[in-house]
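The values are calculated or read from the model by the stated rules, or taken from the named source; none is laboratory data. Please read all numbers here as calculations on a predicted model, not as lab measurements. With ideal geometry, Cβ positions are generated from the backbone for all residues, glycine too; neighbour counts draw on all protein chains shown. With ligands, DNA and RNA removed, areas are computed over all heavy atoms of the protein, side chains included. Shrake-Rupley method; radii C 1.70, N 1.55, O 1.52, S 1.80 Å.
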Amino acid sequence: MRILVCDGLHEQGVKIFEKAEGIEVEVHEHLEAPDLLERIEGFEGVVLRSRSQINREVLERASCLRVIGRAGIGVDNIDIEAATQQGILVMNTPGANAMAAAEHTLALMLALARHIAQADQSMRAYKWEKKKFMGTELYNHTLGIVGLGRIGSIVANRASDMKMRVLAYDPYISTDVAAKLGVELASLDELFRESDFISLHTPLTKETRDLLDEPAFRKMKPGMRIINCARGGIIDEAALYDAIKQGIVAGAALDVFSKEPPVDNPLLALPQIIATPHLAASSEQAQINVATAIAEQMVDYLLNGVIKNAVNMPSISPQIIERIRPYMLLAERLGRFLSQYFQGNVKRLRVAYGGDLRDLELAPVTNAAQKGFLEWVLAEEVNMVNAPVIMSSRGIELDVATTSEVRGYTGLITLSAVTDKGEFHVAGTVFPEPQCRIVQIDEYRMEAPLEGRMLLITNFDRPGVIGFIGSTLGSFQVNIADMHLSRVRDKGTAICLVTVDNPVPPKALQALREHENIIETAVIEV
Ligand code: NAD
Ligand code: MLT
């Protein structure tokens, strides 16, 4: 398997790839878009930092790609939607550079408050401008943090230690968590009105793009200061320029820009701006952290199927994967069985978990069920990553429930297809060997191995049918490996699930269907 590193990676990360059996790594300090397009084909994994762009065009050329590893947190340089549609896992390394980014934020806040960068430049010109660089203290001043995640929380904690009053705006954080951090939650308008410093720590999303725009600056305290170590694009740069000119913003420290590296950016001509080149994560420790984390995660995924820190798939740790792997296989096979069994136009897939399963991490099992359900019928590649998106793009709803129904089994999975012709159910369990067993098909109960090629026959429960099935299959040289029967006495019908060693020719199916007591036949492969 081949890994392409397209934005440089600390050597400790590269070594992890080199040591992994069956993995080859090719390292580039930076690949410009045309070079990346040219090179990407044939690689199973690609690693990038913030500079390279993995867009739809690149992904269309990457027919072997299975995983994109972002050595860092922000994934706004990756087309996640396109990757997910193509079944490519996208993983990042949350938290691995948080301390570096938080410390850089604090460094910039202090530098802004005391004009460190400007005073340094002045000194190099042998000037002694003490009055010009009169500063302000952080003590007793208010810091407004937008986005109280990993980095925002560290900044909040350190700022509280410096006896700043800390306000935060983050709709996705509870007041309890904020209170534990010593932070007051505020509305965005309150934060704008009351902050002496505002520090941004959200991802760049539709909601946060241009969050600091002209109306926002108008609400701010004159003389306030801004720090952005999150993403360019959260600040409308033209509006910031005007706010500085109008004296609303006394200074801004920017580590990130709407276009990186910036070209002809008028902000960089302003003395109130201090700037660093997307440097917040550039500490020796953070670079080792992100490089080793992404390399370990990617190797573990490619070699062992372990999913950690994926942004388009639920995580599966090695401990969990060991416990749920048999159920993932069961769910996938039940999905395949059901997709070859149901009739009509499917509207909804229902997955119900009973028994011990209820205590497990079930999202990957549900993805496996969706994969199994879709892959039999679609020409496109379906995998654990893209199955949920393909389901919803086809308008198939998904219901997941836990149930107390377990019928004496340790764990029970029931899949149901709700269609315009009714509801179709299959249920299964895992025996210790481990072996997948099918224990129910609609109202028929049984206990049969769920593997290989099967023939499902629905018949009237009358004498002679079983013998006829055996002799007919035999006459077509079809060897029976296993046979399970189940009937519903009140209905007078039965089913016969036959596992066969070789394909059932169409003529054999036709011969079976000609029997007056055989209602239906279906060949099912799982
Ligand atoms: P995180 O996911 O831990 O935290 C982000 C927080 O933003 C979350 O708490 C979330 O609830 C909040 N949020 C999301 N949308 C919001 C909105 N509309 N309004 C308010 N809050 C909102 O992420 P993190 O690891 O703390 O990283 C924060 C940012 O810093 C990201 O943009 C990341 O890419 C960037 N970053 C930059 C550098 C750098 O080198 N400059 C380094 C590391 C991280
Ligand atoms: C990140 O999102 O982690 C940062 O942008 C740091 C980086 O990778 O340069």
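Before moving on, here are some points about what is shown:
- Residues of the range 226-247 that turn out to be buried (at least 19 other Cβ atoms within 10 Å of the Cβ) and farther than 26 Å from S50 by Cα, as a count: 2
- Filter result for A331 (surrounded by fewer than 21 Cβ atoms within 10 Å (Cβ to Cβ) and in contact (Cβ under 8 Å) with a residue 60 or more places away in the chain): no
- Tabulated pairs, the range 263-285, first over 18 Å from C229 (Cα atoms), second away from ligand 1 (no atom under 16 Å from the Cβ), C-beta under 6 angstrom, 6+ apart or interchain: P266/Y241; L270/I244
- Scanning the range 184-209 for residues that are in a loop (DSSP other than H, G, I, E, B), surrounded by 15 or more Cβ atoms within 10 Å (Cβ to Cβ) and of a type outside the set (A, V, I, L, M, F, W, C) yields S195, D196, H201, T202, P203, T208.
- You will find that of I316, I307, I320, I324, the residue that is under 21 Å from S404 (Cα atoms), of a type in the set (A, V, I, L, M) and away from ligand 2 (no atom under 16 Å from the Cβ) is I324 and no other.
- Pair list, Cβ under 9 Å, 6 or more apart: the range 41-62 residue at pLDDT 95 or above, other residue within 16 Å of ligand 1 (Cβ to nearest atom) and of a type in the set (S, T, Y): V46/S52; V58/S52
- Of all residues making up the range 340-372, the number that are under 15 Å from T402 (Cα atoms) and open to solvent by 70 Å² or more (accessible area, probe 1.4 Å): 5
A quick yes/no check of all residues on (1) open to solvent by less than 10 Å² (accessible area, probe 1.4 Å); (2) of a type in the set (K, R):
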position: Q477; (1), (2): no, no
position: I480; (1), (2): no, no
position: K491; (1), (2): no, yes
position: V498; (1), (2): yes, no
position: R513; (1), (2): no, yes
position: E525; (1), (2): no, no
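- Selected residue (criterion: surrounded by the most Cβ atoms within 10 Å (Cβ to Cβ)) from residues of the range 268-282 that are within 16 Å of ligand 1 (Cβ to nearest atom) and of a type in the set (G, A, S): A281
- Check on T458, open to solvent by less than 50 Å² (accessible area, probe 1.4 Å), farther than 27 Å from P503 by Cβ, of a type outside the set (F, W, Y) and modelled with pLDDT of 95 or more: no
- In the condition set (1) part of a loop (DSSP other than H, G, I, E, B); (2) polar (S, T, N, Q); (3) more than 15 Å from ligand 1 (Cβ to nearest atom); (4) not assigned by TED's automatic domain parsing to the domain that holds L204, T136 is compliant with all but (4).
Residue-by-condition table, conditions (1) in a helix (DSSP H, G or I); (2) surrounded by fewer than 15 Cβ atoms within 10 Å (Cβ to Cβ); (3) out of contact with any Ser or Thr (no Cβ under 7 Å at 6 or more places or on another chain); (4) not assigned by TED's automatic domain parsing to the domain that holds M220:
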site: I145; (1), (2), (3), (4): no, no, no, no
site: K163; (1), (2), (3), (4): no, yes, yes, no
site: V166; (1), (2), (3), (4): no, no, no, no
site: P171; (1), (2), (3), (4): no, yes, yes, no
site: A179; (1), (2), (3), (4): yes, yes, yes, no
site: G182; (1), (2), (3), (4): no, yes, no, no
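- Test: residue in the range 233-245 that is away from ligand 2 (no atom under 16 Å from the Cβ), under 20 Å from F133 (Cβ atoms) and assigned by TED's automatic domain parsing to the domain that holds L188: yes
- Hits in the range 26-56 - residues which are among the basic types (K, R) and more than 16 Å from ligand 2 (Cβ to nearest atom): R39, R56
For (1) touching a Leu at 6+ places or on another chain (Cβ under 6 Å); (2) closer than 15 Å to F337 by Cα, each residue gets a yes or a no:
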site	(1), (2)
M384	no, no
I390	yes, no
R394	no, no
T429	yes, yes
V439	no, yes
D442	no, yes
A448	yes, yes
T458	no, no
T472	yes, no
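- When the range 254-267 is limited to residues that are open to solvent by less than 20 Å² (accessible area, probe 1.4 Å) and within 16 Å of ligand 2 (Cβ to nearest atom), the one that is farthest from the chain's Cα centre (by Cα) turns out to be L254.
- Here is the figure for the range 240-267: residues that are within 16 Å of ligand 1 (Cβ to nearest atom), among the small types (G, A, S) and assigned to a loop (DSSP other than H, G, I, E, B) total 1.
- L108 vs. criteria in a loop (DSSP other than H, G, I, E, B) and in contact with a strand residue (DSSP E or B) (Cβ under 8 Å, 6 or more places away or on another chain): no
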